[in-house]
1. I'd like the residue in the stretch 1-45 that is farther than 25 Å from Tyr56 by Cβ and among the β-branched types (Val, Ile, Thr) and, out of all such residues, is surrounded by the most Cβ atoms within 10 Å (Cβ to Cβ).
2. Take the stretch 46-62 and flag every residue that is touching a residue at least 24 places away in the same chain (Cβ under 8 Å), among the charged types (D, E, K, R) and either assigned to a helix (DSSP H, G or I) or surrounded by 15 or more Cβ atoms within 10 Å (Cβ to Cβ) (or both).
3. Could you list, in sequence order, the residues of the stretch 1-27 that are more than 10 Å from the chain's Cα centre (by Cα), part of a helix (DSSP H, G or I) and not acidic (Asp, Glu)?
Amino acid sequence: MPFVNIRIVKEVIASDPEAKKAAIAAKVAAAIVEATGVGKDDVWVVFEEVAARDWYVGATNVETRRRGAG
């Protein structure tokens, strides 16, 4: 069974997290089903939400980068 772990900056989906996660999961699962032929109920998708201040690109967190200060 395919297992997909998606880490995402929580602020990206903050306006409607449940709907956005459902849409992402459906599209990811559909791509795996199409590529492998496994059943859609055999694809597991898990989300890990990370705050922008806790996600770093190099030495600068995403929150700072988005403010243009990094």
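A short reminder: the numbers here are calculations on the coordinates, not readings from a lab. The shown structure was predicted, so the numbers you read here are calculated from the model rather than taken from an experiment. Neighbour counts are summed over all protein chains in view; Cβ atoms, including those assigned to glycine, are modelled from backbone coordinates with ideal geometry.
1. Val43
2. Matches in the stretch 46-62: Glu49 only.
3. Across the stretch 1-27, the qualifying residues are Pro17, Ala19, Ala22, Ala23, Ala26, Lys27.
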